[in-house]
1. Any chance you could check the Cα centroid distance between the stretch 17-55 and the stretch 88-110 for me, in angstrom?
2. Considering Cα pairs under 8 angstrom that are at least six residues apart, work out the relative contact order of the stretch 4-64 and quote it in whole percent.
3. Counting other Cβ atoms within 10 Å, keep those with at most 15, restrict to DSSP loop, and tell me which GluC sites (Glu not before Pro) in the stretch 92-173 are left.
4. So what is the accessible area of the stretch 1-119 per residue, in Å², with the probe set to 1.4 Å?
5. Let me have the relative contact order for the stretch 116-180, percent, based on Cα pairs under 8 Å that are six or more residues apart.
6. Among the listed pairs Lys27/Lys150; Lys61/Lys122; Lys122/Lys170; Lys95/Lys161; Lys7/Lys95, which are separated by more than 26 Å between their Cα atoms?
7. Quick check: at a probe of 1.4 Å, how many percent of the accessible area of the stretch 46-106 sits on carbon and sulfur atoms?
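The values are calculated or read from the model by the stated rules, or taken from the named source; none is laboratory data. Everything numeric here is computed off the predicted structure, so don't read it as measured data. Cβ atoms come from the backbone with ideal geometry, glycine included; neighbour counts cover every protein chain shown. Keep in mind that these areas ignore ligands, DNA and RNA; they rest on the heavy atoms of the full protein, side chains included. Shrake-Rupley method; radii C 1.70, N 1.55, O 1.52, S 1.80 Å.
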Amino acid sequence: MSIPLSKPQQQHVLRIVEGLIVGNGRKTLSHLYAQWVDAPDASAVADFLRVSTWSEQSLDKRLGEINLADVIERVQRGGSSPVVYVSIDDSTSSKDKDTHALEGVDWQHDHNASGRNTPKYKKGMVHVSCRVQIGNHSVPFAYRLYLRAKTVRNLNRGRAKEERLRFQTKYQLVREMLQQLQPLLPKEWRVYVYSIAGMPPPNYSSLFGGKASDGFVWALSIQSHS
């Protein structure tokens with residue numbers, strides 16, 4: 001599997017993922033690495049996550065491509081109908097109200113707890129995700145961290161000019177993911193895009209730079225009742 005990580009970095013990723021899936025007890029780095037006989041000290045994986053030179057965006061992009069290529073191969077080999085269903089969703093990972101050291105954490109609007117005239121907020125991080133289903137196969141393809149404009153301004157105060165973040169709306173994040181997906185699918189396949197209610201259908205002429213959408217159809221918006 002070709003991914004943009006060195007062999008030692010790949011070992012860290014594999015240990016973390018396997019530990020999260022099959023490990024017992026707490027999921028801290030020190031606890032995860034204590035379960036490996038041949039693992040280095042937990043400080044090594046902490047340095048890998050904090051200061052090592054690798055790009056999480058490049059890794060996420062490559063993993064999405066690998067997942068999708070595997071599904072396409074399975075579908076073509078099995079003769080399944082080449083219809084693609086793409087689901088767009090956003091979700092909030094809740095954090096303790098005193099959390100402050102994680103860059104993406106801020107006060108977020110809590111849709112479930114809010115009333116019509118009584119908005120509620122909670123600490124957390126908001127992710128916009130893109131999942132692809134073809135036939136009986138469904139895989140995560142991409143996700144983006146959504147940061148409020150105020151959060152972006154606060155984070156940029158401590159960054160050098162070339163490292164400053166750019167505010168993106170959820171629509172812009174969805175557009176990025178669909179543009180990433182489009183060239184990876186066979187052009188003759190029909191693609192139906194579903195989203196949560198409240199996320200507007202994209203303008204496909206804008207989405208694909210004024211070109212045809214190559215079979216992309218915004219099917220419907222789904223209202224959450226959670």
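1. The two parts, judged by their Cα centres, are 23 Å apart.
2. Working: 33 pairs, mean separation 22.5, N = 61.
For the stretch 4-64, the relative contact order is 37 percent.
3. Numbers: sites: Glu103, Glu162, Glu163; in loops: Glu103.
Taking the stretch 92-173 and a limit of 15 other Cβ atoms within 10 Å, the loop GluC sites (Glu not before Pro) found are Glu103.
4. Computed with neighbouring chains in place, this is 67 Å² per residue.
5. Details: 57 pairs, mean separation 18.3, N = 65.
Relative contact order for the stretch 116-180 comes out at 28 percent.
6. Values: Lys27/Lys150 31 Å; Lys61/Lys122 29 Å; Lys122/Lys170 19 Å; Lys95/Lys161 29 Å; Lys7/Lys95 33 Å.
As for pairs spanning more than 26 Å Cα to Cα, those are Lys27/Lys150; Lys61/Lys122; Lys95/Lys161; Lys7/Lys95.
7. Working: 1810 of 3870 Å².
Its accessible area is 47 percent carbon and sulfur atoms.
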